[in-house]
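Working notes, structure below.
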Amino acid sequence: MWWDDGMTEAILLVGGQGTRLRPLTISTPKPMLPVAGVPVTIHQIERARDAGVTRVVLGTSYRAEVFAERLGDGSDLGVEIAYAVEAQPLGTGGAIRNAADLLTCGPDDPVMVLNGDVLSGVDYRALLAGHVDWGAALTLHLTRVDDPTAYGLVPTGDDGQVLAFREKPQMPEEIVTDQVNAGCYVFTRSVIDEIPAGRPVSVERETFPALLDNGVLVRGVVDDAYWLDLGTPWDFVKGSADLVRGIAPWAGHRPAPYLLLDGAEVSDQAVIGHGTTVGRGVRVIGDAVIEGSVLMDGAVVEAGAAVIDSVIGERVRIGEGATVVGAVIGDDAVIGARNELRHGVRVWPGTQLGETSVRFSSDA
Ligand code: GDD
Ligand code: MG
């Protein structure tokens, strides 16, 4: 049995296109984007390892090569990593089925499956143990959110048995609960092997409803630990800032108002905080103000500029006196002096904006 041999396996779903995070995801898949200086995938692997996971199969598709280049065989992270690559994206269920070819455990063993874009404080070890104790076919971690419509809704009965699964419901009468799928599952291995192979499958729209129809035990565990899906730029900067400030769980990290990575230089006159990450080799010049932002490696922010709640791509230059609030600036862009970019502006990589223009919404 799995707890005797000390082996626990996990599948990480990291093949999505990260469309909502463009332009950041043009060159880097979403799970490899750095939050608090470290790719989301590494945060997840470390937490899984600390909960006893010994082997991780990455279900990759979009920009698959980026993962292996950075993570290798996993020895630096203290786990064994294997790569399942989909030539064409197979959806969440197809990806799990494809990755299962690289699992080594037996049919009755529990397998942890994680969406690759979530920061979570849930106790993985307790989920695994609970799954085995209950003899469930599938256990889902559920979290409560204010607006569940962007997620999979999962109502449960008194005993935690899942009653229904409604992915991103459109109709008001379908909003029957604030409990949503947190993108963290424990499957009994044999259940994964029954997912059809070689074609796209949505685990949320096809596999979960079918399991409920078949009357097998599917359990939901509602847990109020820290949880955030990093799918939008605003949640991405929030997640990064929460890690830096110690609001999101990060073993061994000492909470701080901001994080300076190797070679970053910040002038004494600069004002910096709210969980900002200043990437490798970044320069913050003069009296610039930086709050709650991610400055990726090699960026430069000149004197008098303000960067608030924004993502600044690699080697971007923010000119003197420019204001960037709630914006995403793609790699190598140059924002001329005194520009104002606000509220949802996305600047494509390499764009050069001259001086003094004001842009709202997505018209850059
Ligand atoms: N390998 C592979 N292949 N991975 C995929 C594919 C694919 O074709 N499609 C998506 N993924 C991965 C993504 O990289 C991501 O890590 C995860 O699967 C979920 O995809 P998202 O695109 O982020 O889905 P979502 O956020 O809209 O919804 C999902 O997550 C919510 C919680 O964060 C659903 O599972 C919802 O039910 C859930 O509430
Ligand atoms: Mg997501």
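The values are calculated or read from the model by the stated rules, or taken from the named source; none is laboratory data. Given the structure is predicted, the values throughout are model-derived calculations rather than measurements. Virtual Cβ from ideal backbone geometry, glycine too; neighbours counted across all protein chains shown. Keep in mind that these areas ignore ligands, DNA and RNA; they rest on the heavy atoms of the full protein, side chains included. Shrake-Rupley method; radii C 1.70, N 1.55, O 1.52, S 1.80 Å.
For the peptides 190-196, 52-58, what is the packing order when you average, over each peptide's residues, the other Cβ atoms within 10 Å and list the highest mean first?
Averaged packing, sorted descending, gives the order 52-58, 190-196.
Do me a favour and compute the ellipsoid semi-axes for the range 1-123 from its Cα gyration tensor, root of five times each eigenvalue, largest one first, whole Å.
One finds semi-axes of 23, 16, 12 Å for the range 1-123.
Among 310-319, 83-92, 169-178, how do they line up from the highest to the lowest mean number of other beta-carbon atoms within 10 Å?
310-319, 83-92, 169-178
Once phi is turned into θ = phi - 60°, what whole-Hz ³J(HN,Hα) does the Karplus curve with 6.51, -1.76 and 1.60 give for every residue of the range 68-83, x standing for Gly and Pro?
5, 4, 8, 9, x, 8, x, 4, 5, 9, x, 9, 9, 10, 10, 10
So how tilted is helix 40-50 from the main axis of the chain? Cα-based, degrees 0 to 90, rounded to 10.
It is inclined by approximately 50 degrees.
Let me check something: with ligands and nucleic acids excluded, how do W348, W227 order by accessible area (1.4 Å probe), largest to smallest?
The residues order as W348, W227, largest area first.
Quick one: which residues, 5 or more positions from E265 or on another chain, have an amide H under 5 Å from its amide H? H modelled 1.01 Å from N in the peptide plane, none for Pro or chain starts.
The answer is V282, R283, V284.
Could you run the Karplus curve 6.51 cos²θ - 1.76 cosθ + 1.60 with θ = phi - 60° over the range 132-144 and give me ³J(HN,Hα) per residue in whole Hz, x for Gly and Pro?
Residue by residue, the range 132-144 yields 5, 4, 7, x, 6, 7, 8, 10, 10, 7, 10, 10, 9 Hz.
Gaussian network model of the chain, Cα springs within a sub-10 Å range: biggest mean-square fluctuation belongs to which of P110, P29, P200?
Result for the chain, Cα springs under 10 Å: P200 fluctuates most.
Could you tell me what a quarter of the Cα convex hull surface of the chain works out to, in nm² with one decimal place?
Over all viewing directions, the chain projects a mean Cα-hull area of 18.0 nm².
For the range 256-360, what ratio Rg/Rh do Cα atoms give with a Kirkwood hydrodynamic radius?
Here Rg/Rh amounts to 0.93.
Nearest 5 percent is fine: what portion of the DSSP beta bridges confined to the range 2-233 is antiparallel?
Here the antiparallel bridges make up roughly 50 percent for the range 2-233.
Stick to Cα atoms and the Kirkwood definition of Rh, then tell me Rg/Rh for the range 103-245.
Reported Rg/Rh (Cα atoms, Kirkwood Rh): 0.96.
Tell me, what is the per residue accessible area of the chain in Å², probe radius 1.4 Å?
About 41 Å² of surface per residue is accessible.
Under the 0.36 nm per residue contour assumption, what length would be gained going from the current alpha-carbon distance of V271 and R22 to full extension?
That works out to 86.8 nm of additional length.
Cα axis of helix 91-100 to longest principal axis of the chain: angle in degrees, 0 to 90, nearest 10?
60 degrees
Skipping prolines and chain starts, which residues have an amide H placed within reach, meaning under 5 Å, of the one on V221, given they are 5 or more residues away or on another chain?
L140, H141, L142
Apply the Karplus curve 6.51 cos²θ - 1.76 cosθ + 1.60, θ = phi - 60°, to the phi angles in the range 169-185 and return the couplings in whole Hz, x for Gly and Pro.
Values per residue, Gly and Pro as x: x, 9, 8, x, 5, 7, 7, 9, 7, 9, 8, 10, 4, 8, x, 9, 10 Hz.
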